[in-house]
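Take a look at the structure below.
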Amino acid sequence: MTHLDVFEPPMCCSSGVCGPSVDPLLAAFAADVDWLTSQGVTVSRYNLAQDPQAFVAHPLVRDLLQREGDTCLPLVIGNGEIVAHGAYPRRAELATLAGIAAASSKAKPRIRLSTAGGCCKPGSRCC
């Protein structure tokens, strides 16, 4: 698998790793996504607050949201099927989903939270 789609709950910015109190799980997931892309995996992230049309347009996402509400988010789709939902998968699980050897998933990249996603602008009250 070389592509994953991640449908996330509403957040203030596309990455969710901004603002005065960053959720450590989101920061870890952002780092894991960065690592996946460095391994050649394409990851598309959709935020319900910023990309609602993506949620409506995707039949699997729309159907699961209608059945379970937003508790099913985050939702990860790979190869046209739901591969994880309700919680962010950790790096080892993402590696498995992407078909990458788990042994190569140990190194953790560094990310700068203040610039992750490029959403923070002066006066935006985001950061």
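Need one number: nm distance between label points at D23 and T71, each 7 Å from Cα along Cα→Cβ, rounded to one decimal.
1.6 nm
Report the full-extension gain for the segment V56 to I82: residue separation times 0.36 nm, less the Cα-Cα distance, to one decimal in nm. Write out the running numbers ahead of the final one.
Details: separation 26, 0.36 × 26 = 9.36 nm, distance 1.56 nm.
Fully extending the segment from V56 to I82 adds 7.8 nm.
Readers should treat all values here as calculations from the given coordinates under stated rules, not as data from a laboratory. Everything numeric in this text was worked out from a predicted model, so none of it was measured. Please note: Cβ atoms are built from the backbone with ideal geometry, for glycine as well, and neighbour counts cover all protein chains shown.
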